[in-house]
Amino acid sequence: MSRPILEESRIHPAIRAKISGNHADIVQEVQAAIAANTIVVVGMAMNPFPRKARGMLERQGAPYAYLEYGGYLSQWRRRSALKMWTGWPTLPMVFIHGVLIGGAQDLQRLIDSGEFTALVAPKLGS
């Protein structure tokens, strides 16, 4: 599976730096959190779904890092950089061992199926 993304050769050289640097700080902050934590939840204020995901993780006794970026009317441009980077259209974005597993409903499915426990277990040989 691959997702469509505009090829760099189809982007004029004069704007490539603008595109690659578009809110790169927020992407780097999330990448750093992913590198430092087994589970990372990216959310925003006033959205009930990041809160639901965090509640699920707390009930599982699973430690996680939470990054919150604005609310419905603030920081939406910065959040759009994360959406473009991941291809995931909504919040929360839940990462386990650096893998985007989706949002709150996807996390619940993993918990219900028992796959969550296997995913968060320490990786052998790391």
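The values are calculated or read from the model by the stated rules, or taken from the named source; none is laboratory data. As the structure is a prediction and not an experimental result, all values here were calculated from the model. With ideal geometry, Cβ positions are generated from the backbone for all residues, glycine too; neighbour counts draw on all protein chains shown. The area values use the complete protein model at the heavy-atom level, side chains included, leaving out ligands, DNA and RNA. Shrake-Rupley method; radii C 1.70, N 1.55, O 1.52, S 1.80 Å.
Residue under question is Arg109, and the condition is that it be more than 13 Å from Ile34 (Cβ to Cβ), in contact with a helix residue (DSSP H, G or I) (Cβ under 6 Å, 6 or more places away or on another chain) and open to solvent by 10 Å² or more (accessible area, probe 1.4 Å); does it hold?
no
If the requirement is being at positive phi and at pLDDT 95 or above, which of these qualifies: Gly43, Gly98?
Unique residue meeting the criteria: Gly98.
Just give me the residues in the stretch 41-69 being outside any strand (DSSP E or B), touching a helix residue (DSSP H, G or I) at 6+ places or on another chain (Cβ under 7 Å) and open to solvent by less than 60 Å² (accessible area, probe 1.4 Å), in sequence order.
Met44, Ala53, Met56, Ala62, Tyr64, Tyr69
Considering the stretch 33-56 alone, what residues qualify as being hydrophobic (A, V, I, L, M, F, W, C) and either touching a His at 6+ places or on another chain (Cβ under 9 Å) or under 12 Å from Phe95 (Cβ atoms) (or both)?
Matches in the stretch 33-56: Ala33, Ile34, Ala35, Ala36, Ile39, Val40, Val41, Val42, Ala53.
Whether any residue in the stretch 67-77 is of a type in the set (Ser, Thr, Tyr) and within 17 Å of Asp106 (Cα to Cα) is what I want to check.
No: zero hits.
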